[in-house]
1. Filter the stretch 153-199 down to the residues that are without any contact (Cβ under 8 Å) to a residue 12 or more places away in the chain and assigned to a loop (DSSP other than H, G, I, E, B) and list them by number.
2. Within the set of pairs 6+ apart or on separate chains, which have a first residue in the stretch 219-237 that is over 18 Å from Ala200 (Cβ atoms), a second that is surrounded by 15 or more Cβ atoms within 10 Å (Cβ to Cβ) and aromatic (Phe, Trp, Tyr), and C-beta atoms under 9 Å apart?
3. Just to check your reading of the model, which residue among Phe207, Phe215 is in contact with a Ser or Thr (Cβ under 6 Å, 6 or more places away or on another chain) and under 27 Å from Phe66 (Cα atoms)?
4. Determine if the stretch 41-57 includes at least one residue that is farther than 30 Å from Asp5 by Cβ and either within 8 Å of the ligand (Cβ to nearest atom) or not in a strand (DSSP E or B) (or both).
5. Would you mention how many residues in the stretch 149-169 are among the polar types (S, T, N, Q) and surrounded by 14 or more Cβ atoms within 10 Å (Cβ to Cβ)?
6. Among the listed residues Asp71, Asp17, which satisfies the condition of being open to solvent by 20 Å² or more (accessible area, probe 1.4 Å), acidic (Asp, Glu) and touching an Asp or Glu at 6+ places or on another chain (Cβ under 7 Å)?
7. Of everything in the stretch 90-129, what is within 15 Å of Gly49 (Cβ to Cβ), open to solvent by 60 Å² or more (accessible area, probe 1.4 Å) and either near the ligand (Cβ under 10 Å from one of its atoms) or not polar (S, T, N, Q) (or both)? Give them in sequence order.
8. Checking the conditions here, which among Arg10, Arg35 is touching a residue at least 24 places away in the same chain (Cβ under 8 Å), open to solvent by 70 Å² or more (accessible area, probe 1.4 Å) and over 16 Å from the mean Cα position of the chain (by Cα)?
Amino acid sequence: MSQADNWLPRHIGIIMDGNGRWAAQQGKPRSFGHRAGVNALREIIKHCGDLGIEYVTVYAFSTENFKRSSDEVGTLMSLLVEFLKNDLETIIQNGVRINVIGDIDAFPAPVAAQIRRAMQKSRECGRMMLNIALAYGARAELVRAVKSIALDAAEGRLGQDDINEQLISQRLYTEGQPDPDLIIRTSGELRLSNFLLYQAAYAELYFTPVFWPDFTPAELDLALESYKKRSRRFGGV
Ligand code: FPP
C-alpha cells in the first residue's frame, strides 16, 4: 500500500484492547502488557504516517479506566509520561501533531503538564494528527458540547435555528477534523465502549481477535484491505 492509494481512510480510530490478556497468556503482570502496547502503538503511528493517513485517534485511557487499581492507573500514567517525553522528538521529526482529547485536568498536575507540553511542541506538525484519547468518554464529550452550546444560547450568541449537526461537531474535541472512516478494535470485543460515538455515525467497523500488543503494521494492512472492500453509501443507495 502506498500514499497513491486514494481509497485509504483519512481518519482511523483505534480501540487498543487486550494488553492485560496478552500478558496473562504469558504469565506476566498487566504492566508488561501495557509496555508492549506502547511498542505496538509506536509501530502503528509510524506505519500510518508512511501510508499517508491524516488523522489517527487512539483510545488510551477511558474515564472508566480510573476505576482500575491504583497500581495499574499509576503504570499507565508513567508509560504515558515516558512516551510523551522519550518519543516526542521522533514524533515531531515525523511530522506528527499530538492532540489529546479528553479531560486533561483529570490527571495529576505533572501528567497534565507533560500532555500540554507535547501538544504545544508538536503544534506546527502537519503530516498527521495523532489524537490520544485520555480520560475520554464520548458521552462526557457530548455533555461538554451541549453545555457550551447552552451557554452561548443563554447569552444570546446562538439561536435555536443555529443548532445543527455541524455546530455539534464543532463543539467536540475533534473539531475541524473529518469523522473517522474506519474504527478498529482489537482483542475480540465487539463494542465501541463510549469511543467517538457521535463521530462514528458512518464509520466502517473492523474487529480482530488479535490482542493489541500483537497488532503489527501487517495487521493494520489487513484491516485496510477489509475497509477497501466495503462499499460506503452514507445512507444513500
Ligand atoms: C486495553 O487493554 C488497553 C488500555 C486500557 C490502555 C491502552 C494503553 C496503551 C497501549 C499504553 C499507554 C498509552 C500511551 C499513549 C503511552 P486492557 O488492559 O483493557 O486489556 P484486557 O482487556 O486484556 O484486560
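1. Matches in the stretch 153-199: Glu155, Gly156, Arg157, Leu158, Gly159, Asn164, Glu175, Gly176, Arg191.
2. Leu222/Tyr206
3. Numbers: Phe207 fails: in contact with a Ser or Thr (Cβ under 6 Å, 6 or more places away or on another chain).
So the residue among Phe207, Phe215 that is in contact with a Ser or Thr (Cβ under 6 Å, 6 or more places away or on another chain) and under 27 Å from Phe66 (Cα atoms) is Phe215.
4. Pass one, the stretch 41-57, residues farther than 30 Å from Asp5 by Cβ: none.
For the stretch 41-57, residues farther than 30 Å from Asp5 by Cβ and either within 8 Å of the ligand (Cβ to nearest atom) or not in a strand (DSSP E or B) (or both): absent.
5. Residues that pass the stated criteria total 1.
6. Details: Asp71 fails: touching an Asp or Glu at 6+ places or on another chain (Cβ under 7 Å).
The match here is Asp17.
7. Result: Arg97, Gly126, Arg127.
8. Of Arg10, Arg35, the one residue that is touching a residue at least 24 places away in the same chain (Cβ under 8 Å), open to solvent by 70 Å² or more (accessible area, probe 1.4 Å) and over 16 Å from the mean Cα position of the chain (by Cα) is Arg35.
The values are calculated or read from the model by the stated rules, or taken from the named source; none is laboratory data. Quick caveat, the model's predicted, so the values are computed rather than measured. Positions of Cβ are backbone-derived with ideal geometry, glycine not excepted, and every protein chain shown enters the neighbour counts. Ligands, DNA and RNA are stripped out before the accessible areas are found, and what is left, the full protein with its side chains, is counted by its heavy atoms. Shrake-Rupley method; radii C 1.70, N 1.55, O 1.52, S 1.80 Å.
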